[in-house]
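The values are calculated or read from the model by the stated rules, or taken from the named source; none is laboratory data. Model, not experiment: these values are computed from the prediction. Glycine also receives a Cβ, built like all others from the backbone with ideal geometry; neighbour counts cover every protein chain displayed. Surface areas here come from the heavy atoms of the whole protein model, side chains and all, with no ligands, DNA or RNA. Shrake-Rupley method; radii C 1.70, N 1.55, O 1.52, S 1.80 Å.
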Number of protein chains: 4
Amino acid sequence: MSDAPALDVRSDICWSDATSITVLGRDLCTDIIGELDFGSFAFLLLTERMPSAAEGTLFNAALVSLVEHGITPNAMATRLTHLGAPESLQSAVAAGLLGLGSRFVGTIEGAAQFVTEGAGRLTAAGDDSDAAVRAEAERIVAGFRERREHVPGIGHPIHDPVDPRAERLFEIAESEGFPTLPIRLVRAVAAAGSEASGRALPVNVTGAIGTVVALLDLDWRIARGLGVISRTVGLVGHLREELAQPMATTLWRTTDAAATRHLGIEAWPAR
Amino acid sequence: MSDAPALDVRSDICWSDATSITVLGRDLCTDIIGELDFGSFAFLLLTERMPSAAEGTLFNAALVSLVEHGITPNAMATRLTHLGAPESLQSAVAAGLLGLGSRFVGTIEGAAQFVTEGAGRLTAAGDDSDAAVRAEAERIVAGFRERREHVPGIGHPIHDPVDPRAERLFEIAESEGFPTLPIRLVRAVAAAGSEASGRALPVNVTGAIGTVVALLDLDWRIARGLGVISRTVGLVGHLREELAQPMATTLWRTTDAAATRHLGIEAWPAR
Amino acid sequence: MSDAPALDVRSDICWSDATSITVLGRDLCTDIIGELDFGSFAFLLLTERMPSAAEGTLFNAALVSLVEHGITPNAMATRLTHLGAPESLQSAVAAGLLGLGSRFVGTIEGAAQFVTEGAGRLTAAGDDSDAAVRAEAERIVAGFRERREHVPGIGHPIHDPVDPRAERLFEIAESEGFPTLPIRLVRAVAAAGSEASGRALPVNVTGAIGTVVALLDLDWRIARGLGVISRTVGLVGHLREELAQPMATTLWRTTDAAATRHLGIEAWPAR
Amino acid sequence: MSDAPALDVRSDICWSDATSITVLGRDLCTDIIGELDFGSFAFLLLTERMPSAAEGTLFNAALVSLVEHGITPNAMATRLTHLGAPESLQSAVAAGLLGLGSRFVGTIEGAAQFVTEGAGRLTAAGDDSDAAVRAEAERIVAGFRERREHVPGIGHPIHDPVDPRAERLFEIAESEGFPTLPIRLVRAVAAAGSEASGRALPVNVTGAIGTVVALLDLDWRIARGLGVISRTVGLVGHLREELAQPMATTLWRTTDAAATRHLGIEAWPAR
């Protein structure tokens, strides 16, 4: 048998020995636990730097804004999964997270990308006039339409005329003194998208979080992670309620009965 | 065809209309976003009440303490999953969460249960003397040993003689004025478990978080959710590093070469 | 920096080089693809040996029997997940699989364990008389009741007086000449469980598959894998129908409206 | 409170009553279990029709061909997940499936789409000459290159000059009398892709399975499902081996030690 091969990998996030844990160069137990709130620690993990007060405020606000939106498909998937595997809370949460793809929540990623790249181009060109912003927004919208894709981060089935979470996040960003260009750009994209589609498509909460990602200089490729972190809290909350006030069994049996009623079968006999 | 059946379910967490979102009776946009840090909002979702300052501090500290422990099996699963499905960050995180079962992290649940129930029995009996606490701890340990199960929340492969995160959490709980009985009990369980097994088994971080669950009066059945929330942040952090400084491909190829080297196959030719 | 450590692991399932793939010592392309049906290849992977004709028949029958049971909680989780992440079929299937825990399907594991171990004890004792089988069944049922657990693999909410899939599997096992002791034992467990609980609890399909696991000498610790394999096929089938005849959006919106109707909110305005 | 809303959904896959289960109009217990092999039943679920003998052979061969490829990132994710949650075999399998995205296995989907649509265009145009096939292949390759995407289903890091599984599947398709146009097209795409990239990119197993999807007239949108079904069997097989001959702990500890060795930490003291 030949010798065991050498494994040559490296990580710089965290290391530990018998008496301490070090995270990105800081002692977890003396410098972080009890010193840093959870949202700010998440910021540190995602950027490798400590947040300023303004950054901590905006980042926490962004995380808070997506935690809950009531009965969503992913909350339903979590509750239905828990029904079959109550011993594995982590599996029920994971099942819910798996729906955070291109249609819901995952749109943070696309929004973060176009805001980051668009604002970068405007800055590089040295022109952030309204006309330049509008032109950039139109280019962005045209790109999505050419690829027959929805513009991520705009439009909402319920909230009208605006998504109040998006407005609140922008208000916080402005009052905390962040640059306004990314916000102006995403609003211009919503306007251009509305005009192109003939429907009112306001910036929604995922578009606003995508903008926050750009404002905080996070890598847009992990932008979706903010939504994943937020919704994890929401899904654990749904499991708390499911334990106290369950809906999964009723949901299952009613759906089964509804789905096959054209066959005249009595799936769930009352006995 | 018979009529569509009525769906009779109920949820009280969150509801929305065109202009607002309400979470547990509070207006999300005016009362929560920008007003409450992310950790405290998580507390609200898991308890239906606002945290006091002390509760907010302890809960945030508990969430922070489990975010990171370097290269763990779940961080590896997340990185390996991302290699195959980089378009689905949520799937890579979910893959990592699925390992938070009975051996790692999920032990929060068992610890929360025995601390909650044991402290409850001591309180009901009106005797929290050291002798009573020790006797309760011995009963708890005997129960696990009878079922041939490990006592959850004690012992650690690296940290010795104590898990510094556990000590820090207990210190915060004490300085914030929480009752000491749950902490005395979990320490007594660790002592009894060490004696019964003949190995030093200090309270570890999951045992301490289980104790925090009892101190904050959370339902122990969702205790594992705290670990799930924490680790979600850590796993997104590992994806940030994986994008910048990848290890998954090397890990895969070295493992494949190592696993089949006894066959004399050159799986990954250098060409 | 110290040297990269050696990775010392081993696997004997499969290896490949530029021109061939070898699975458990057999050439995949010349000896397996086109020569072995999919179910029989699964048998090989789970046992390291080729099935006899009788084993191939019984194993295929067991896999077939659990593929479909209409609208189940896991089929719903799969459809709801697909709604949010249609680009990731694998995630929708994985979400459905996560519900195959202790309440549904995962019961194969417990049934396989008690049949394997119980039949083993009877054989070791050299007494497979009806009285001995009944006594063993009563011991098994008493064990579950002592631990306040349901006996896995017996009882069904719809099928009455028997689960027709279980009966069909037993019929095949008998006509293919398998030993009858495991089947006699699981029937005795169902009888003892029914008597102890005062309700009719026939052997259900997961109990029968657990019995097949024992008949085929599979390791009971992977018994749940048979259900996972079967349901994967069923869940892909549900996605096929969901694409052609979707239900997820209706399911979501009706559930949201139902869950919050006590608040007098019109969640999904008709506009 | 307003009345519970009506749930109006429909499914036609499977329904059951007290004494029978019906799948796509066939009695599961009398017509399918014991009558149809598992692969052929999967075909029925994915197409709503019974396979001919040739279809059954080709479909089973396609499923068989992707079950195993040794130590892959998804097999590693499954084994690492099992280490933390050994009580939830389904979660370990699900973790492995989550990596079947755009880079591995998920490429079946893209290949199935271009073969289905390309062959459709050639047939509609009434010209399946070599020149027409080559021109269509060049259009397909140009489209992917324009979008800066890899052509799915061609190229392999190990197999050279061809992927032997692909060749075997094409051989079976031809000997079973299937049309040759889809195979000619996918080979022409591989040739065009090789020329455009300057590297040898043979049709790989996922490209061949995508071609089988077209040959069998399956919906390409569920093509990835074939890979998901196959790999589920493979992953259960890896768990069987992991239980008997574990590698996950060694893999974890070696990776942790390797990843942080530049820090001079002794993560896993020998005590």
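For region A:53-243, just say rounded, prolate or oblate: build the C-alpha gyration tensor, square-root its eigenvalues into a ≥ b ≥ c, call rounded for a/c under 1.5, and beyond that prolate if a/b exceeds b/c, oblate if not. The shape class here is prolate. Heavy-atom accessible surface of A:W220, to the nearest 10 Å², is about 60 Å², with a 1.4 Å probe and all protein chains retained. Whole-Hz Karplus values for region A:93-99 come out as 5, 4, 4, x, 4, 5, x Hz, taken residue by residue from phi with 6.51 cos²θ - 1.76 cosθ + 1.60 and θ = phi - 60°; glycine and proline positions read x. Amide H to amide H distances under 5 Å link B:S102 with D:E87, where only residues 5 or more positions off or on other chains count and H is placed in the peptide plane.
Under the convention that each Lys and Arg Cβ holds +1 and each Asp and Glu Cβ holds -1, the size of the dipole of the protein assembly as shown around its Cα centre is about 0 debye.
Rounded to the nearest 100 Å², what's the accessible area chains B and A bury against each other, both chains counted, probe 1.4 Å?
Rounded to the nearest hundred, the buried surface is 7800 Å².
When you filter the trypsin sites (Lys or Arg not before Pro) in region C:6-94 for DSSP loop state and at most 12 other Cβ atoms inside 10 Å of their Cβ, you are left with C:R49. Surface calculation, 1.4 Å probe, protein heavy atoms: D:F104 sits at approximately 50 Å² accessible. Calculated FRET efficiency, A:E195 to B:D3, Cβ-Cβ distance, R0 = 41 Å: about 0.40 to the nearest 0.05. Remark: label point of B:S175 defined 7 Å out from Cα along the Cα-Cβ vector; separations to the same position in other copies 3.1, 7.5, 7.6 nm, ascending. Along region A:18-32 the Karplus relation, 6.51 cos²θ - 1.76 cosθ + 1.60 evaluated at θ = phi - 60°, assigns HN-Hα couplings of 4, 10, 8, 10, 10, 10, 6, x, 10, 6, 4, 7, 8, 9, 10 Hz to successive residues, with x for each Gly and Pro. Couplings 3J(HN,Hα) of region C:62-79, computed from phi: 5, 4, 4, 5, 10, 4, 9, 9, x, 7, 10, x, 6, 5, 5, 4, 4, 5 Hz, in residue order, whole Hz [Karplus 6.51 cos²θ - 1.76 cosθ + 1.60, θ = phi - 60°; x for Gly and Pro].
Once you average over the residues of A:213-219, how many Cβ atoms of partner chains fall within 10 Å of each Cβ?
1
Annotation: amide H of B:S11 within the under-5 Å range of C:T260, sequence separation 5 or more or interchain, hydrogens built in the peptide plane. Annotation for region C:124-233: trypsin sites (Lys or Arg not before Pro) lying in DSSP loop with at most 10 further Cβ atoms inside 10 Å of their Cβ are C:R147, C:R148, C:R199. Each of D:L66, D:S11, D:M50 was placed along the dipole of region D:1-72 (beta-carbon charges, centred on the mean Cα), and the one lying farthest toward the positive end is D:L66.
Note on the protein assembly as shown: helix-only mean residue ellipticity at 222 nm, from DSSP H runs of 4+ residues weighted -39500 (n - 2.57) and normalised by residue number, equals -18000 deg cm²/dmol. Does the protein assembly as shown classify as rounded, prolate or oblate by the C-alpha gyration tensor (a ≥ b ≥ c root eigenvalues; a/c under 1.5 gives rounded; else a/b over b/c gives prolate, otherwise oblate)? Rounded, since a/c falls under 1.5. For A:H262, the accessible area of its heavy atoms, probed at 1.4 Å with every protein chain present, is near 50 square angstrom. The modelled label-to-label distance between A:R139 and D:E48, using points 7 Å beyond Cα along the C-beta direction, is 4.7 nm.
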